[in-house]
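Colleague: Take a look at the following structure, please.
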Amino acid sequence: QKEVEQNSGPLSVPEGAIASLNCTYSDRGSQSFFWYRQYSGKSPELIMFIYSNGDKEDGRFTAQLNKASQYVSLLIRDSQPSDSATYLCAVNEANTGNQFYFGTGTSLTVIP
Amino acid sequence: EAGVAQSPRYKIIEKRQSVAFWCNPISGHATLYWYQQILGQGPKLLIQFQNNGVVDDSQLPKDRFSAERLKGVDSTLKIQPAKLEDSAVYLCASSWDIGTDTQYFGPGTRLTVL
């Protein structure tokens, strides 16, 4: 079982719609969870992080964490063509000495 | 605030040759990470430094890869000898501290092994 799993997609949504990206992780001791966006040929850039169960909102982005079910999700409201990218979920696992694991990423295309 | 710097940006070598990558983290960041990202995959952590000490190198292929962070600032990652499967983007990232802190990535070095 992979440490962090994401649906690779591709996920396509029309402009203005809500995009929903999901991530599951295997280590129950994981403490922090990150969503990165990576444009083709570029390095990952942080969108947001979440540490506690529940929702965290930042502009058009909402991260949701459910530690009991071991999943974290990212919602993008009012999706724009500029949101088209690969979204990487990263998890910090305390049980492995704070090692970071990334998922393989979900490719999102927002159709104008 | 200057970002994470890496060089070179691109490198093409033949298999069995050696190559080295350099990273300069954001000023003041104690933790430095090297990742390997193969096309279509997420970044894979190779090694993690806290100041000039190694925190985790469990996924570093130590028979051919080595890394150092002298004086707790700049870092170099070396591959010797390179294999075809080492073709990837090598990303350096840094953060203020270990663990839950946000990582900031450099532009990466794209390595092609022929």
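Colleague: Please work out if residue B:74 is under 15 Å from the mean Cα position of the chain (by Cα), within 11 Å of residue B:34 (Cβ to Cβ) and not β-branched (Val, Ile, Thr).
Modeller: On the way: under 15 Å from the mean Cα position of the chain (by Cα): yes; within 11 Å of residue B:34 (Cβ to Cβ): no; not β-branched (Val, Ile, Thr): yes.
No; evaluated as a whole, the condition is false for this residue.
Colleague: Being assigned to a strand (DSSP E or B), under 20 Å from residue B:101 (Cα atoms) and touching a residue at least 24 places away in the same chain (Cβ under 8 Å), is that true of even one residue in the stretch A:14-22? It would help to see each step written out before you state the result.
Modeller: At the first step, the residues of the stretch A:14-22 found to be assigned to a strand (DSSP E or B) are A:14, A:19-22.
Filter again for under 20 Å from residue B:101 (Cα atoms), leaving none.
Taking every residue of the stretch A:14-22 in turn, none turns out to be assigned to a strand (DSSP E or B), under 20 Å from residue B:101 (Cα atoms) and touching a residue at least 24 places away in the same chain (Cβ under 8 Å).
Colleague: Could you tell me whether residue A:32 is surrounded by 13 or more Cβ atoms within 10 Å (Cβ to Cβ) and either farther than 16 Å from residue A:105 by Cβ or charged (D, E, K, R) (or both)?
Modeller: yes
Residue by residue, here is whether (1) aliphatic (A, V, I, L, M); (2) within 24 Å of residue B:113 (Cβ to Cβ) holds:
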{"site": "B:21", "(1), (2)": "no, yes"}
{"site": "B:26", "(1), (2)": "yes, no"}
{"site": "B:29", "(1), (2)": "no, no"}
{"site": "B:36", "(1), (2)": "no, yes"}
{"site": "B:40", "(1), (2)": "no, yes"}
{"site": "B:54", "(1), (2)": "yes, no"}
{"site": "B:60", "(1), (2)": "yes, yes"}
{"site": "B:63", "(1), (2)": "no, yes"}
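Colleague: Name every residue in the stretch B:38-50 that is of a type outside the set (D, E, K, R) and either at the interface with another protein chain (Cβ under 8 Å from one of its Cβ atoms) or within 10 Å of the chain's Cα centre (by Cα) (or both), in order of residue number. Explain how you work it out, then say what you get.
Modeller: Of all residues in the stretch B:38-50, those of a type outside the set (D, E, K, R) come to B:38-43, B:45-50.
Passing the criteria: B:40, B:41, B:42, B:43, B:45, B:46, B:47, B:48.
Colleague: Something else now. On the basis of being within 14 Å of another protein chain (Cβ to nearest Cβ) and surrounded by fewer than 17 Cβ atoms within 10 Å (Cβ to Cβ), does residue A:58 make the cut?
Modeller: Details: within 14 Å of another protein chain (Cβ to nearest Cβ): yes; surrounded by fewer than 17 Cβ atoms within 10 Å (Cβ to Cβ): yes.
Against the criterion (within 14 Å of another protein chain (Cβ to nearest Cβ) and surrounded by fewer than 17 Cβ atoms within 10 Å (Cβ to Cβ)), residue A:58 qualifies.
Colleague: Looking at the stretch A:85-108, can you tell me whether even one residue there is more than 12 Å from the chain's Cα centre (by Cα), open to solvent by 40 Å² or more (accessible area, probe 1.4 Å), more than 22 Å from residue B:93 (Cβ to Cβ) and away from every other protein chain (no Cβ under 11 Å)?
Modeller: No, because not a single residue in the stretch A:85-108 is more than 12 Å from the chain's Cα centre (by Cα), open to solvent by 40 Å² or more (accessible area, probe 1.4 Å), more than 22 Å from residue B:93 (Cβ to Cβ) and away from every other protein chain (no Cβ under 11 Å).
Colleague: Of all residues in the stretch B:38-81, count the ones that are at pLDDT 95 or above, hydroxyl-bearing (Ser, Thr, Tyr) and within 19 Å of residue B:98 (Cβ to Cβ).
Modeller: So the answer is 1.
Colleague: Take residue A:72 and tell me if it is away from every other protein chain (no Cβ under 11 Å), of a type in the set (A, V, I, L, M, F, W, C), within 21 Å of residue B:45 (Cβ to Cβ) and under 12 Å from the mean Cα position of the chain (by Cα). Break it down stepwise before answering.
Modeller: Working: away from every other protein chain (no Cβ under 11 Å): yes; of a type in the set (A, V, I, L, M, F, W, C): yes; within 21 Å of residue B:45 (Cβ to Cβ): yes; under 12 Å from the mean Cα position of the chain (by Cα): yes.
Criteria met by residue A:72.
Colleague: If I ask for residues that are open to solvent by less than 30 Å² (accessible area, probe 1.4 Å) and part of a strand (DSSP E or B), which ones from the stretch A:35-46 would you list?
Modeller: A:35, A:36, A:38, listed by residue number.
Colleague: For the stretch B:59-89, which residues satisfy the criterion of being open to solvent by 50 Å² or more (accessible area, probe 1.4 Å) and either at positive phi or in contact with a helix residue (DSSP H, G or I) (Cβ under 8 Å, 6 or more places away or on another chain) (or both)?
Modeller: Step one: filter the stretch B:59-89 for residues open to solvent by 50 Å² or more (accessible area, probe 1.4 Å), giving B:59, B:62-63, B:66, B:68, B:70-71, B:73-74, B:78, B:80-81, B:83-85.
Correct list: B:71 only.
Colleague: Now, a different point. Please go through the stretch B:70-94 and pick out each residue that is at the interface with chain A (Cβ under 10 Å from one of its Cβ atoms) and within 28 Å of residue A:51 (Cα to Cα). Don't jump to the end; show me each part of the working.
Modeller: Restricting attention to the stretch B:70-94, the residues satisfying the condition of being at the interface with chain A (Cβ under 10 Å from one of its Cβ atoms) are B:89, B:91-93.
Passing the criteria: B:91, B:92, B:93.
Colleague: Further question on the same structure: Taking the stretch B:97-114 only, how many residues are within 13 Å of chain A (Cβ to nearest Cβ) and open to solvent by 40 Å² or more (accessible area, probe 1.4 Å)?
Modeller: Going residue by residue through the stretch B:97-114, those that are within 13 Å of chain A (Cβ to nearest Cβ) are B:97-110.
Filter again for open to solvent by 40 Å² or more (accessible area, probe 1.4 Å), leaving B:97-98, B:100-101, B:104, B:107, B:110.
So the answer is 7.
Colleague: Right, here's the next one. How many of the residues making up the stretch B:1-53 are within 14 Å of residue B:73 (Cα to Cα), open to solvent by 80 Å² or more (accessible area, probe 1.4 Å) and outside any loop (DSSP other than H, G, I, E, B)?
Modeller: 1
The values are calculated or read from the model by the stated rules, or taken from the named source; none is laboratory data. Not measured: the values here are computed from a predicted model. A quick note on method: Cβ atoms are made from the backbone with ideal geometry, for glycine too, and the neighbour counts reach across all protein chains shown. Ligands, DNA and RNA are excluded from the accessible area calculation, which covers all protein heavy atoms including side chains. Shrake-Rupley method; radii C 1.70, N 1.55, O 1.52, S 1.80 Å.
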